[in-house]
Structure formats: C-alpha cells, structure tokens
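> This is the structure I have questions about; it appears just below.
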Ligand code: AMP
C-alpha cells in the first residue's frame, strides 16, 4: 500500500518537474534545519532523483580545505570551532557554483543560506544569474526533535570517496568501516565531536533559525516533519515539492 502511494507521489513530482522544464522554468530548492537533521541524506537523494545538482556548502568548503586553497585555509579556522565561515567567502563560492551550466534548470542548495545576511546575498546572486528566467523558489524546513541530534552527530560517518553518509546507530555500513556503495573508507568529520556539535547548535539557533520566519513571511517556506526513518522523511519531502 505504502509502495503504491510512494509511486503515485513519485510520478506526480516527475510530471511537475518535467512540466517546469518544458515551460523553461527554473527550480530553486533550498533547505533549512539544524545540524544532522537529515538534510544531507535527503537532498543527495532528491538531487539524483530530479537530476539537479546537489550543492552542499559544507562539502564545498571541506574540498577547499583538502586542497589547501587560501579560501580553505581561512574557512578551516571557523569550521574547526563550529562557527560560520565569513559571508564574503562562502557567497563567492556559491556564486561561482550557481553560475555553472548544470544549474541552468535548477539546483538543490543544502547549507546555504545560513544567516539573514546570506539569504540577502542569495537573492542578489539569483537575480544576477537569472535575469528574466521564470523561477520556482522554495525553502524546505526540516522540523525535528533536537534532543536526538547530538547522538546522531557523534555516530555519523561518511565515505571518503563518494560522500555517502552513514550512521553507526541506524544506518550502519554492511562491512565495518567501508562504504556499501563504492568500498571507500569511512571517516568521521573533524567537527562531528560533542564539543564542536554544541557550538554548531548555538550557531544554528542564533544565525540560521531566524530564516524560518524570514522565508515564512516571504510565503515560500514549506515545513516537513523530519522525525522518523529515512524512507518516511523521503515520502514527506516528495509530498511538499510536488
Ligand atoms: P555542514 O557540512 O553543513 O554541517 O557544514 C560544516 C561547517 O561548514 C559549518 O559548521 C560551518 O562552519 C561551515 N559552513 C557550511 N555552510 C556554511 C555557510 N553557508 N556559511 C558559513 N559557514 C558554513
């Protein structure tokens, strides 16, 4: 029964997105929610599903750090403390990424904006890039019981090769330490410790949570209940974007 319902929703979402593509309408989906609320897992899945690029600022910044670029060296100082990287730095990275050809029909933005100032930057960047293109913009908020998030964070592992996310408590890999998808080594993010997690939650409450109100007032916010299994949240996500 559940499966049939899911297939119906999947078809509806496909029809909607295909219709938008036919009408030359661009789809911009942004995601809000506290650290470890499940955004990364769901947006990766959604991007594959809709054939839109998945743009995740945390991963873009970690790639800069790994490549030891000047931006990466600067960003690391903030990430290691659980603070936000300066707005100019992250906006520059986002503007470059959103200007690329693969974002022409739409994108899924995960982790940006994370403050009111970044939200204003995003509007500016979108206006510059889009010109007269028709856009469907939606902010999706993952509403979740925050008391479970610290345990999620310390149990989180990700594949060093393909980025697939695991959780030792509820989505363990079949072989310990190795990615089910590509066999890559699983690693723990440096900022996924209890201490840095506390600071990330404080940063979220102070800087990012006000965006829920901001996008509600703009009339573009959709909330989903992000408690439950990956499959349950996935179904709710498809329902709101259809
Ligand atoms: P995430 O992978 O989304 O949990 O992000 C990891 C860290 O990268 C955050 O704790 C911030 O330090 C930094 N970061 C990610 N996205 C942004 C952003 N939009 N603005 C500033 N810092 C960010």
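> Considering only segment 199-227, state which residues are exposed (fewer than 14 other Cβ atoms within 10 Å of the Cβ) and touching a helix residue (DSSP H, G or I) at 6+ places or on another chain (Cβ under 8 Å).
210, 225
> Identify, please: which residue in segment 76-90 is closer than 30 Å to residue 241 by Cα and either touching a strand residue (DSSP E or B) at 6+ places or on another chain (Cβ under 8 Å) or not in a loop (DSSP other than H, G, I, E, B) (or both) and is, among those, nearest to the ligand (Cβ to nearest atom)? It would help to see each step written out before you state the result.
First pass over segment 76-90, keeping only residues closer than 30 Å to residue 241 by Cα: 84-85, 87, 90.
The next check asks that each one be either touching a strand residue (DSSP E or B) at 6+ places or on another chain (Cβ under 8 Å) or not in a loop (DSSP other than H, G, I, E, B) (or both); those that pass are 87, 90.
Numbers: 87: 7, 90: 4 Å.
Checking each candidate, the answer is 90.
> Kindly indicate whether any position in segment 28-48 is buried (at least 18 other Cβ atoms within 10 Å of the Cβ), assigned to a helix (DSSP H, G or I), more than 11 Å from the chain's Cα centre (by Cα) and away from the ligand (no atom under 12 Å from the Cβ).
no
> Here's something else I'd like to know. Could you check segment 80-106 and list, in sequence order, the residues that are crowded, with 16+ Cβ neighbours inside 10 Å, touching a residue at least 60 places away in the same chain (Cβ under 8 Å) and within 13 Å of residue 129 (Cα to Cα)?
105, 106
> Further question: Would you mind telling me which numbered condition in (1) within 16 Å of the ligand (Cβ to nearest atom); (2) farther than 21 Å from residue 115 by Cα; (3) outside any loop (DSSP other than H, G, I, E, B) residue 206 fails?
Here residue 206 meets the rest and fails (2).
> Further question: Among the listed residues 60, 122, identify the single one that is in contact (Cβ under 8 Å) with a residue 12 or more places away in the chain, in a helix (DSSP H, G or I), within 13 Å of the ligand (Cβ to nearest atom) and touching a helix residue (DSSP H, G or I) at 6+ places or on another chain (Cβ under 6 Å).
60
> From the list 55, 65, 93, 73, exactly one residue is outside any helix (DSSP H, G or I) and more than 8 Å from the ligand (Cβ to nearest atom). Which is it?
Criteria check complete, one pass: 55.
> Another question, then. What are the residues in segment 150-167 that are surrounded by fewer than 17 Cβ atoms within 10 Å (Cβ to Cβ) and in a helix (DSSP H, G or I), if any?
Once the filter is applied, which keeps residues that are surrounded by fewer than 17 Cβ atoms within 10 Å (Cβ to Cβ) and in a helix (DSSP H, G or I), segment 150-167 yields 150, 151, 154.
> If I go through segment 171-188 residue by residue, how many of them are in contact (Cβ under 8 Å) with a residue 24 or more places away in the chain, under 17 Å from residue 152 (Cα atoms) and in a loop (DSSP other than H, G, I, E, B)?
Adding up the residues that qualify gives 1.
No lab work stands behind these numbers, since they all come straight from the coordinates. Here the structure is a predicted model, which is why all the values come from computation and not from measurement. No Cβ is skipped: glycine too gets one built from the backbone with ideal geometry, and neighbour counts run over all protein chains shown.
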